[in-house]
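Written out below as structure tokens is the structure these notes cover.
No value in this document is a laboratory result; all are computed from the given coordinates. As the structure is a prediction and not an experimental result, all values here were calculated from the model. Methodologically, a virtual Cβ is constructed for each residue, glycine included, from the backbone with ideal geometry; neighbour enumeration extends over all protein chains shown.
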Amino acid sequence: MPVNREIVKHIAKLSKLSLTDFEEEKFTLELNKILEYMEKLNSIKTDNIETMSYPVDGFNVFREDEIVNSIDREAALKNAPQRTDEFFKVPKIL
Amino acid sequence: MNKYEPVIGLEVHAQLLTETKAFCGCSNKFGDQPNTNVCPICLGHPGSLPKINKKMVEFAVMMGLATNCKINFKSSFARKNYFYPDLPKGWQTSQFDEPICSNGFLEITADNNLRTIRINRIHMEEDAGKLIHDETGFSLVDLNRCGTPLIEIVSEPDLQSPHEAFQYLSKLKQILLYLNISDCNMEEGSLRCDANVSVRLTGDKSLGVKTELKNMNSFKNVEKAIQKEIERQIDIIEEGGKIIQQTLLWDADKEEIKIMRTKEEAHDYRYFPEPDLLPVIIDDVWKNELMSKMPELPDVRRKKFSNLYKLPEYDCEILTSTKELADYFESAAKHSDDFKSISNWVMVEVLKFINENNLSVNQFRLSPINLGKLINLINDKTISNKIAKDIFAELIERNIDPLIIIKEKGLTQINDSKFIEEIIDRVIKSNQEQVKQYLAGKDKVLGFFVGQIMKESKGKANPQSVNELLINKLSLMKN
């Protein structure tokens with residue numbers, strides 16, 4: 001089993017998720033199943049094949065350094081759970 | 001020799017002077033109203049797609065060329081994942097295993113030693129937003145800065161003292177300013193520096209455990225903080241303790257180091273290739289085109305000032321400290337070939353005026369042509385150096401041919417020896433007491449006579465002629 005409970009806890013912490021004991025156990029099993037399935041891919045020989053990081057071919061897709069109008073502040077703040085007139089508001093961060 | 005030696009590496013972030021952000025067309029201007037330079041891309045809205053600002057790439061390549069880096073043919077972006085409200089996407093778009101530049105170096109001078117500081121890499125990334133902590137128990141987020149293009153310049157741990165770190169930073173800043181790709185304003189955060197510091201027994205080959213110092217908002221603070229950290233580490237080792245790998249914050253007000261986090265809490269960034277941005281390919285054609293756009297860099301220019309204008313090392317250093325000052329000198333040097341005098345005037349009078357009035361060289365009104373003319377007027381004895389200094393403020397104010405001011409005020413220097421001799425005779429006649437003193441061997445009185453004569457001539461007599469003629473006359477009286 002490549003994924004143990006400690007790893008699940010660590011991933012949950014990085015994802016800011018709080019899991020119950022039951023969920024930790026459940027996700028450990030499920031993640032292992034997924035990884036075991038993916039393991040099948042390793043049986044394919046890929047020695048002479050370049051790593052593919054992108055779904056499409058190509059390079060150097062640029063924009064010129066020209067200003068495009070931003071959206072207005074009201075639109076930017078509209079979907080925020082908490083806000084002031086000018087800012088997004090979040091729990092105190094140190 | 002010291003028992004311990006420090007090993008220091010710096011990571012420097014420079015905000016780039018582009019019009020727009022790294023991956024969207026929002027304005028990159030500092031100081032605008034909060035959350036007005038934002039769009040779905042820099043706000044991290046689902047489904048939005050970034051697009052690379054070409055200028056950011058070009059600026060990064062220029063910095064690489066200026067620091068002797070290899071410009072990598074292919075580079076790519078990666079996601080650096082972390083969760084913090086100043087970064088709404090949940091990752092910083094950065095570069096990881098394929099940075100745009102690598103393996104460069106910079107030469108610095110510290111304590112009269114020429115030192116080569118290797119640069120590990122330069123990569124492109126985006127800045128995060130700004131958090132404002134208010135009294136209400138909340139934090140406020142301004143995302144104007146989120147997505148601002150940065151380059152991160154990572155040195156090898158080649159710096160051996162806080163002073164070398166200071167010199168290295170100064171050199172980086174000088175180059176960034178010469179290239180005009182960052183305004184390097186540390187107070188506004190457009191240049192930021194983190195330091196990796198460790199100590200080891202002098203001569204040891206292996207590296208000690210390092211700590212990372214953050215939050216140093218001026219070059220002086222970088223120097224001070226590193227010094228404090230070195231002392232802290234040596235104290236711990238001397239008392240038999242062990243250094244632990246941790247991130248430390250510099251408190252500039254208290255001049256203290258605080259612990260931010262230890263290694264166990266260190267971030268796990270889970271880098272992976274950014275699938276939304278295709279790789280960047282820099283071929284020789286593009287690289288050469290950028291190289292041809294680059295200005296002469298400080299080191300080259302300093303050597304040129306020494307070889308072409310035959311100026312002392314000190315002058316070359318000062319005059320090439322900024323591109324603007326070097327340009328000013330060179331323009332003036334087209335109008336007068338007394339390069340040393342131009343250098344003196346620029347280093348003393350021009351810089352004094354600029355500093356006293358808190359100006360930049362570009363805001364200085366006196367054109368280099370008129371400065372050159374002023375120097376020529378001194379050299380051809382139309383005016384004395386003293387008169388030139390007297391009219392300098394007015395000359396700056398009006399920025400006209402200095403000859404106009406001299407004529408208006410009737411300040412042309414008197415070189416006519418007959419006229420000067422007449423004044424000398426008058427002064428000698430009415431100061432017999434001082435003559436006696438001089439003849440009795442009190443040479444200092446000479447200064448008094450010169451002063452009186454210059455006063456009589458309203459400062460217009462050629463001081464050199466006055467000196468010569470006066471000494472002649474007085475020595476005749478000796479016999």
How far is the Cα center of the range B:273-350 from the Cα center of the range A:20-94, in Å? 44 Å
The Kirkwood hydrodynamic radius of the protein assembly as shown, taken as the inverse of the mean 1/r over all distinct Cα pairs, in Å, comes to 29.2 Å
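Please work out the Kirkwood hydrodynamic radius for the range B:371-479, using every pair of different C-alpha atoms, and report it in angstroms with one decimal place.
15.0 Å
Suppose R0 equals 51 Å; then what is the FRET efficiency for B:TYR271 and B:GLN363 from their Cβ-Cβ distance, rounded to the nearest 0.05? Write out the running numbers ahead of the final one.
Working: r = 45 Å, r/R0 = 0.88.
Efficiency, from the Cβ-Cβ distance: 0.70.
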Setting aside same-chain residues fewer than 8 positions from B:LYS436, which lysines have a Cα under 29 Å from its Cα? B:LYS418, B:LYS444, B:LYS455, B:LYS458, B:LYS460, B:LYS473, B:LYS478
Where does chain B land at 222 nm, in deg cm²/dmol rounded to the nearest 500, when only DSSP H runs of n ≥ 4 count, each adding -39500 (n - 2.57), divided by all residues? -12000 deg cm²/dmol
Need one word for chain A: rounded, prolate or oblate. Basis is the Cα gyration tensor (sqrt eigenvalues a ≥ b ≥ c); a/c below 1.5 gives rounded, then a/b vs b/c decides. oblate
Once you treat every alpha carbon in the range B:55-156 as an equal point and sum by Debye, what is log10 I(q)/I(0) at q = 0.11, 0.12, 0.13, 0.14 Å⁻¹? -0.45, -0.52, -0.59, -0.65
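Can you give me the orientation-averaged projected area of the convex hull built on the Cα atoms of the range B:282-356, in nm²?
Details: hull surface 24.4 nm².
One quarter of the hull surface, i.e. the mean projection, equals 6.1 nm².
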When all C-alpha to C-alpha distances in the range B:80-131 are sorted into bins of 10 Å, what percent of pairs does each bin hold, rounded to whole numbers? 22, 30, 24, 19, 5
Of every Cα-Cα pair in the range B:296-409, the percent that sits beyond 16 Å: 57 percent
Compactness relative to 2.2 N^0.38 Å, alpha carbon Rg of the range B:142-218: 1.31
Are there any helices in chain B, counted as whole DSSP H runs, that stretch 30 Å or more along their axis by Cα and score at least 1.0 on average by Kyte-Doolittle, and if so which? none
Between A:LYS33, A:LYS16, A:LYS78, which gets the highest mean-square fluctuation from a Gaussian network model of chain A, Cα cutoff 10 Å? A:LYS78
In degrees between 0 and 90, to the nearest 10, how far off the longest principal axis of chain A does helix A:21-39 point, with axes built from Cα atoms? 70 degrees
At a 4.7 angstrom Cβ threshold, list every cysteine in chain B that has nobody to pair with, or say none. B:CYS24, B:CYS26, B:CYS39, B:CYS42, B:CYS146, B:CYS184, B:CYS193, B:CYS316
For B:LEU446, A:LEU77, what's the fewest-to-most ordering of other Cβ within 10 Å of each Cβ? B:LEU446, A:LEU77
Under the definition of Cα pairs under 8 Å and six or more residues apart, what whole-number percent is the relative contact order of the range B:4-286? 24 percent
Relative contact order (%) - criterion: Cα under 8 Å, at least six apart; region: the range B:15-63: 40 percent
Which residues does the label zone of B:ASP299 cover in the range B:108-128, counting backbone N under 12 Å from a point 7 Å along Cα→Cβ? B:108-109, B:114-119
In a Gaussian network model over chain A where Cα atoms closer than 10 Å are linked, find which of A:GLU74, A:GLU50, A:GLU36 has the largest mean-square fluctuation. A:GLU74
What does the charge add up to near B:LYS334, with Lys and Arg as +1, Asp and Glu as -1, over the other residues with Cβ less than 15 Å from its Cβ? -2
Once the principal axes of the Cα atoms of the range B:4-286 are found, what is the range along each, listed largest first in whole angstroms? 56, 55, 32
Between B:LYS54 and A:GLU36, what is the spin-label point distance in nm, taking each point 7 Å from the Cα along the Cα→C-beta axis? 5.3 nm
Order these by the 10 Å Cβ neighbour count, fewest first: B:THR322, B:THR136, B:THR18. B:THR136, B:THR322, B:THR18
For the protein assembly as shown, give the share of DSSP beta bridges that are antiparallel, in percent and rounded to the nearest 5; count only bridges with both residues there. 90 percent
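Using the scaling law 2.2 N^0.38 Å as the reference, what is the normalised Cα Rg of the range B:353-407?
Working it through for the range B:353-407, the quotient is 1.12.
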Expressed as a whole percent, how much of the Cα-Cα distance distribution for chain B exceeds 34 Å? 53 percent
Looks like the range A:46-94, by Cα gyration tensor root eigenvalues a ≥ b ≥ c and the a/c under 1.5 rounded cutoff (else prolate when a/b is bigger than b/c, oblate otherwise), is oblate
Counting only C-alpha contacts under 8 Å and six or more residues apart, can you give the relative contact order of chain B as a whole percent? 13 percent
Determine the shielding of peptide B:276-285 by partner chains: average, over its residues, the number of Cβ atoms on other chains within 10 angstrom of each Cβ. 3
Of A:GLU30, A:GLU39, A:GLU64, which has the largest mean-square fluctuation in a 10 Å C-alpha GNM of chain A? A:GLU64
Give me the distance between the Cα centres of the range B:99-113 and the range B:373-452, rounded to whole Å. 51 Å
B:VAL300, A:VAL8, B:VAL222 arranged by Cβ crowding within 10 Å, fewest neighbours leading: B:VAL300, A:VAL8, B:VAL222
When you take every Cα atom in the range B:417-478, what is the radius of gyration, and what is Dmax, the widest Cα pair distance, in Å? 10.5, 30
With +1 on each Lys and Arg Cβ and -1 on each Asp and Glu Cβ, and nothing else charged, work out how big the dipole of the protein assembly as shown is about its Cα centre, in Debye to the nearest 20. 1680 debye
